[in-house]
Amino acid sequence: MTIKLKTTTALVALAIGIALGGAATAEESDFDLDALVEAARAEPPITVYAVTGKIVRTAEAFTEAYGVEATGKKVNEADQIDLMIREYQAGNIVGDLSVAADVGSIMAQLIPEGIVTSWLPPDLAGNIPEGQQDPLVVVSDPHVWAYSTEAYDACPVDNIWALTEPEWHGKVAMLDPLVKPNYADWFNQLETHHDDAMAEAYEAHFGKPIDRSEESATQQWVRMYGENAPLLGDSTSVAEAVGAVGQAEPFFGIMSTAKFRSNESGETALGICGGMQPFAGWLYPGLAVMASGTDSPNAAKLFVHYLLSEEGIAPMSVDGKVSSNAAVPANPEEVSGVADYMDELMVYDTATAAEDFDKRQDWQDFWRIHYSR
């Protein structure tokens with residue numbers, strides 16, 4: 001690991017003091033972006049961890065825009081958490097900023113232990129929904145139910161409970177909840193916040209009320225769905241199973257809208273399953289959290305501010321990811337058209353993310369018991 005050198009001069013201290021103004025809050029009216037930029041330029045270079053390789057290009061554009069050196073590194077969700085913990089314990093911070101890591105782990109481990117902190121740009125607070133301010137969500141990743149537009153004139157499924165029926169036995173593709181824990185967290189979010197909606201969808205599909213005396217509606221759906229032998233794979237294999245052109249009987253499935261970009265090359269013909277009950281998919285939040293021991297707090301904050309701009313989020317929004325800044329429009333080059341389905345997607349509630357983490361193993365065990373290969 002490379003140990004960063006910390007520059008300490010009276011000028012830098014003054015600039016930092018102006019930029020930070022103490023503990024920043026959404027109510028600050030004296031926030032000065034120019035002062036933040038100047039303070040950031042006096043600090044050591046920063047490294048930004050993110051789940052997407054697009055972070056490399058984003059960091060390069062940030063450096064060019066502000067004259068503040070930043071390096072982007074693609075690191076998956078779990079490894080980001082591991083790195084942030086180990087670097088904090090070693091007192092050797094390499095990753096100054098983490099973007100879109102494991103939300104449950106951040107809320108249950110990193111924030112309570114003081115390993116990371118969240119910062120809300122005061123000048124943008126009015127554009128960020130209250131539920132996405134603390135910790136700050138910079139972007140959300142839509143995971144949508146999808147079908148082959150080559151094989152079907154319209155989505156062949158209108159209700160999540162249809163996926164428990166014999167017709168779809170072994171014909172639904174998704175990421176493995178044992179490998180991608182955000183899917184186990186999705187189960188818990190459904191049960192915690194939307195079990196009534198799951199029950200209503202059951203009655204709409206089967207024509208009778210569901211008995212929730214022993215298991216929640218969500219538990220029953222996860223059990224029945226798992227027993228119906230969905231195909232588990234990585235993001236690419238799921239997208240190909242659903243949308244690869246030339247298939248006589250393609251799979252149905254759920255995936256990130258980022259996979260729709262292969263529609264442009266003609267490799268896939270993926271469409272979003274709008275109108276599906278109770279949701280056409282869900283939004284997974286991407287938090288931006290700063291390492292507590294960073295030597296470059298102002299540069300990290302400036303990068304957060306940049307990510308909340310149309311320019312800063314463009315490399316990610318082109319894949320369907322949605323900025324939490326309401327002033328940032330949908331990317332006109334985005335392929336899936338997810339902007340038209342936002343009101344049909346389940347919004348992940350970060351307020352209960354720590355509970356998702358605590359129950360993650362239970363949901364994974366439940367899945368392991370009932371999943372039929």
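The values are calculated or read from the model by the stated rules, or taken from the named source; none is laboratory data. Everything numeric here is computed off the predicted structure, so don't read it as measured data. Every residue, glycine as well, gets a Cβ built from its backbone with ideal geometry; the counts of neighbours run over all protein chains shown.
Quick notes
- Count - residues of the range 245-259 that are surrounded by fewer than 24 Cβ atoms within 10 Å (Cβ to Cβ) and out of contact with any strand residue (DSSP E or B) (no Cβ under 6 Å at 6 or more places or on another chain): 6
- Condition met for Asp319 (surrounded by fewer than 22 Cβ atoms within 10 Å (Cβ to Cβ) and either acidic (Asp, Glu) or modelled with pLDDT of 95 or more (or both)): no
- Filter result for Met276 (hydrophobic (A, V, I, L, M, F, W, C), more than 17 Å from Val137 (Cβ to Cβ) and out of contact with any Gly (no Cβ under 8 Å at 6 or more places or on another chain)): yes
- Yes/no for Ala299 being assigned to a helix (DSSP H, G or I), out of contact with any helix residue (DSSP H, G or I) (no Cβ under 6 Å at 6 or more places or on another chain) and touching a residue at least 40 places away in the same chain (Cβ under 8 Å): no
- In the range 250-270, the residues that are of a type in the set (Asp, Glu) reach residues that are not in a loop (DSSP other than H, G, I, E, B) with C-beta atoms within less than 7 angstrom, at least six apart or across chains, in these pairs: Glu267/Ala244.
- Single residue of Gly320, Gly271, Gly275, Gly293 found to be assigned to a loop (DSSP other than H, G, I, E, B) and assigned by TED's automatic domain parsing to the domain that holds Asn188: Gly275
- Between Ala248, Ala288, Ala229, Ala241, the distinction of being part of a helix (DSSP H, G or I) and among the small types (Gly, Ala, Ser) belongs to Ala241 only.
- In this structure, Ala70 qualifies as within 30 Å of Ala108 (Cβ to Cβ), small (Gly, Ala, Ser), over 21 Å from the mean Cα position of the chain (by Cα) and at pLDDT 90 or above.
- Among residues of the range 323-347 being of a type in the set (D, E, K, R) and in a loop (DSSP other than H, G, I, E, B), the one that is nearest to Pro278 (Cα to Cα) is Glu334.
- Counting the residues of the range 140-172 that are closer than 30 Å to Ser216 by Cβ, in a strand (DSSP E or B) and of a type outside the set (Asp, Glu) gives 9.
- Of all residues in the range 307-328, those satisfying the criterion of being free of Cβ contacts under 8 Å to residues at least 60 places away in the same chain and out of contact with any strand residue (DSSP E or B) (no Cβ under 9 Å at 6 or more places or on another chain) are Ala314, Val318.
- Checking the stated criteria, Asn159 turns out to be in contact with a strand residue (DSSP E or B) (Cβ under 7 Å, 6 or more places away or on another chain) and over 22 Å from Lys359 (Cβ atoms).
- Qualifying residue in the range 187-205 (condition: out of contact with any Ser or Thr (no Cβ under 6 Å at 6 or more places or on another chain), closer than 30 Å to Met316 by Cα and without any contact (Cβ under 8 Å) to a residue 24 or more places away in the chain): no
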